[in-house]
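Visitor: Following this message is one structure expressed as structure tokens.
The values are calculated or read from the model by the stated rules, or taken from the named source; none is laboratory data. Remember, it's a predicted structure, so these values are computed and weren't measured experimentally. Counting neighbours? That spans all protein chains shown, and the Cβs are built from the backbone with ideal geometry, glycine included.
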Amino acid sequence: TIQPVISDPNIEDISCSGVGTLFLEHKVFGGLKAGIQFTSELELDQFVIKLSEKINRPVTVRDPIVDAVLPDGSRVNIVFGTDVSKRGSNFTIRKFNDVPISVLDLIDFGSINYEMLAYLSIMLGEGMNTFVSGETASGKTTLLNAISTFIPATSKIVSIEDTPELQVPHDNWTREVVRGSAGSSGTGAAVTMFDLLRAALRQRPNEIIIGEIRGAEGAIAFQAMQTGHACMATFHAATVEKLIQRMTGDPINVPKAYIDNLNLVVIQSAVKLPNGSLGRRCMSINEIVEYDPETNSFGFIEVFRWNPSNDTFEFPGYMNTALLEGTVAQRRGIPEKDSRLIYDEIEKRAEILKRLHERGIKNFYELNDTLAKAAREGLFQ
């Protein structure tokens, strides 16, 4: 019954909150009602049972909640019956893209600009620990996946997720996924994010990517950073201050003195644009500088920010960064007195990305191959 909306590449989310109409999230038109509906509880129950059996995770009155992945990679959440949902069974499907959104697609959407991407490419190329943070449906995972293109092509990467969403373009990529207490086959012990992250540290990766940090695995991630493993992750917080507050509080409990092992916080948000439409924007890119135990405060520099009044991006960190001018320029062999030459590299890379865009090279995998080739030739490294 829902195959037409499953097949539509422009539909991102499909949700059914009980008997009645399906609701859709469309890439262009936003929230819509579908011309498809379930007319009775029996019809809806039969549908969710059939859907859950198709993915080998049958729902029952005893186990009424299922989080799983459809054969095409889409995420599905099912709640069965009236015991736990007063309007009866419901489900949500988050569609999966065969080809992920690239950084140049994000330019087309107006989510970010070339200079911001150039800056991120330099920082990720130098193994800076980076969190993409924002609220639900802000585009965190989409942005994280897109910028994974900037991790050096020869890196060994281990990704750890609750449900498999990331599509990292690198050849040497190990993909690890949490397992519930029964596993998909109905047997075996639970394998948590915490377990997978500890295992990843023994695999000597160049980069660890964590789908989303929610609990105790956050403290392990900071230990990994402390021991020299580059980490990327998404996190649920709308500002840098809230991210630090949540990181240092229960249940994550990262010691405050460890927080500056995190180098960059990218804040992503769903916003109302000046023309009244909805969009997703990179609100800011921030360098975490230091923790001051005397004042119990954290210093950070806002390098880029979105201006909501005219939907443009500003570069307040131009000639005023700490990590870019200090750590990164030093690693790249630029003498301290000339450290501001690093800004020329941002301009150069922004121009390369712009030219690739003009030539139509924006497919996620094609762009990744092109940037890897440019790095080998010394143009983008």
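Visitor: Given the conditions (1) within 18 Å of the chain's Cα centre (by Cα); (2) assigned by TED's automatic domain parsing to the domain that holds LYS27, and given that LEU70 satisfies all but one, which numbered condition is not satisfied?
Guide: Condition (1) is where LEU70 drops out.
Visitor: Still on this structure: Please work out which residue is farthest from PHE91 (Cα to Cα), limiting yourself to the range 53-72 and to residues that are in contact with a Ser or Thr (Cβ under 7 Å, 6 or more places away or on another chain) and without any contact (Cβ under 8 Å) to a residue 40 or more places away in the chain. Show your work before the answer.
Guide: Initially, the range 53-72 is screened for residues in contact with a Ser or Thr (Cβ under 7 Å, 6 or more places away or on another chain), giving 56-59, 66-67, 69.
Going one step further and asking which of them are without any contact (Cβ under 8 Å) to a residue 40 or more places away in the chain, we end up with 58-59, 66.
Working: PRO58: 14, VAL59: 12, VAL66: 9 Å.
Here the answer is PRO58.
Visitor: Being of a type in the set (Ser, Thr, Tyr) and closer than 27 Å to THR130 by Cα is the filter here; which residues of the range 62-120 pass it?
Guide: So the first thing to find is which residues in the range 62-120 are of a type in the set (Ser, Thr, Tyr), and the list is 74, 82, 85, 89, 92, 102, 111, 114, 119.
Matches in the range 62-120: SER74, SER102, SER111, TYR114, TYR119.
Visitor: If the requirement is being in contact with a Lys or Arg (Cβ under 9 Å, 6 or more places away or on another chain), touching a residue at least 12 places away in the same chain (Cβ under 8 Å), surrounded by 15 or more Cβ atoms within 10 Å (Cβ to Cβ) and not small (Gly, Ala, Ser), which of these qualifies: GLU345, GLU302?
Guide: On the way: GLU302 fails: in contact with a Lys or Arg (Cβ under 9 Å, 6 or more places away or on another chain).
Being in contact with a Lys or Arg (Cβ under 9 Å, 6 or more places away or on another chain), touching a residue at least 12 places away in the same chain (Cβ under 8 Å), surrounded by 15 or more Cβ atoms within 10 Å (Cβ to Cβ) and not small (Gly, Ala, Ser) holds for just one of GLU345, GLU302, which is GLU345.
Visitor: Would you please name the residue that is surrounded by the fewest Cβ atoms within 10 Å (Cβ to Cβ), looking only at residues in the range 2-39 that are touching a strand residue (DSSP E or B) at 6+ places or on another chain (Cβ under 8 Å) and of a type in the set (S, T, N, Q)?
Guide: Only one residue tops the list, namely ASN10.
Visitor: Do we find that LYS373 is under 22 Å from GLY127 (Cβ atoms) and either more than 23 Å from the chain's Cα centre (by Cα) or part of a helix (DSSP H, G or I) (or both) in this structure? Can you show your working first?
Guide: Numbers: under 22 Å from GLY127 (Cβ atoms): yes; either more than 23 Å from the chain's Cα centre (by Cα) or part of a helix (DSSP H, G or I) (or both): yes.
For LYS373, the condition - under 22 Å from GLY127 (Cβ atoms) and either more than 23 Å from the chain's Cα centre (by Cα) or part of a helix (DSSP H, G or I) (or both) - is met.
Visitor: What do you reckon, is THR327 surrounded by 15 or more Cβ atoms within 10 Å (Cβ to Cβ), β-branched (Val, Ile, Thr) and assigned by TED's automatic domain parsing to the domain that holds PRO152?
Guide: Here the answer is yes, as THR327 does meet what is asked.
Visitor: Within the range 304-319, track down each residue that is touching a Pro at 6+ places or on another chain (Cβ under 7 Å) and part of a strand (DSSP E or B).
Guide: Of everything in the range 304-319, just one residue is touching a Pro at 6+ places or on another chain (Cβ under 7 Å) and part of a strand (DSSP E or B), namely ARG305.
Visitor: So, ASN310, is that one more than 23 Å from LYS256 (Cα to Cα), polar (S, T, N, Q) and either in contact with a helix residue (DSSP H, G or I) (Cβ under 6 Å, 6 or more places away or on another chain) or in the same structural domain as GLY127 (by TED's automatic domain parsing) (or both) or not?
Guide: Details: more than 23 Å from LYS256 (Cα to Cα): yes; polar (S, T, N, Q): yes; either in contact with a helix residue (DSSP H, G or I) (Cβ under 6 Å, 6 or more places away or on another chain) or in the same structural domain as GLY127 (by TED's automatic domain parsing) (or both): yes.
When the stated conditions are applied, ASN310 passes them.
Visitor: Something else now. Taking only the range 1-18 into account, find how many residues are modelled with pLDDT of 95 or more and in contact with a helix residue (DSSP H, G or I) (Cβ under 6 Å, 6 or more places away or on another chain).
Guide: So the answer is 1.
Visitor: For the range 283-297, how many residues are more than 20 Å from the chain's Cα centre (by Cα) and at pLDDT 90 or above?
Guide: First, the residues of the range 283-297 that are more than 20 Å from the chain's Cα centre (by Cα): 289-297.
From the residues that got through so far, the ones that are at pLDDT 90 or above too are 289.
The qualifying residues number 1.
Visitor: Return the total of residues in the range 1-38 being in contact with a Lys or Arg (Cβ under 7 Å, 6 or more places away or on another chain), part of a loop (DSSP other than H, G, I, E, B) and hydrophobic (A, V, I, L, M, F, W, C).
Guide: So the answer is 0.
Visitor: Can you tell me which residues in the range 63-115 are in contact with a helix residue (DSSP H, G or I) (Cβ under 6 Å, 6 or more places away or on another chain), part of a loop (DSSP other than H, G, I, E, B) and either surrounded by fewer than 17 Cβ atoms within 10 Å (Cβ to Cβ) or among the β-branched types (Val, Ile, Thr) (or both)?
Guide: VAL99, ILE101, ILE112, listed by residue number.
Visitor: Is there a residue being outside the structural domain of GLU161 (by TED's automatic domain parsing), out of contact with any Cys (no Cβ under 6 Å at 6 or more places or on another chain) and outside any helix (DSSP H, G or I) anywhere in the range 39-46? Outline the logic, then answer.
Guide: Taking the range 39-46 and keeping what is outside the structural domain of GLU161 (by TED's automatic domain parsing), we get 39-46.
Of the ones still in play, those that are also out of contact with any Cys (no Cβ under 6 Å at 6 or more places or on another chain) are 39-46.
Next cut, outside any helix (DSSP H, G or I) only: 39-40.
Yes - at least one qualifying residue is present in the range 39-46.
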